[in-house]
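In what follows, a single structure is set out as structure tokens and then discussed.
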């Protein structure tokens, strides 16, 4: 015979749902921003139309110091001239010291860029895929566009001289190291942490399990109780 406890099942489901870890803390994996996310306001590496016939893409590299989940990217980009189209910012794997396969990409409206020379707030892109960043592994952040945009990736001012990759065909092929000053950017990881109600939820779960066990014991005791004779009855001869 099967016994069902729908109330207990629903309670356990809610407890497990509430007890799930929440992504709540961000750690900096890499940054070459100065204090208060500062960067070079005037000097940039060109993305898109450089007015010399080339469609430029730019890539800067970093190496993850610890294992972590990619959470977000901050990057200093400005509009040099006519930023009318969307462009692409991406996190890439490394291939022989140059940008390789795309891990996650972000489509960006050129209209979101401030004018070059202004202290524009860095653009922030929150990861949807949350891929794992592996300690000691090199990655690339790349920016590419079409010839309708002329975008500037503002230089860092912290003395970062990491390898910088340059493409003259929109990112189809790359040359690295280009010798150019890396642009300013920051990579953030997220760290899963238990929800704030976890201690209370754990106690509730233990209580629900104990109650369920008690009910099962009672059912088992009733089913295995020995039969009794009825008083006053004589056995048939």
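Derivation of every value follows stated rules applied to the coordinates shown; laboratory data play no part. Please read these numbers as outputs of a predicted model, since none were measured by experiment. Neighbour counts are summed over all protein chains in view; Cβ atoms, including those assigned to glycine, are modelled from backbone coordinates with ideal geometry.
Please report the relative contact order for the stretch 22-193, taking Cα pairs under 8 Å with a sequence separation of at least 6, and give it as a percent rounded to a whole number.
Rounded, it is 42 percent for the stretch 22-193.
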field: Spin-label pair residue 135/residue 42, simplified geometry with 7 Å Cα→Cβ offset, distance in nm
entry: 4.3 nm
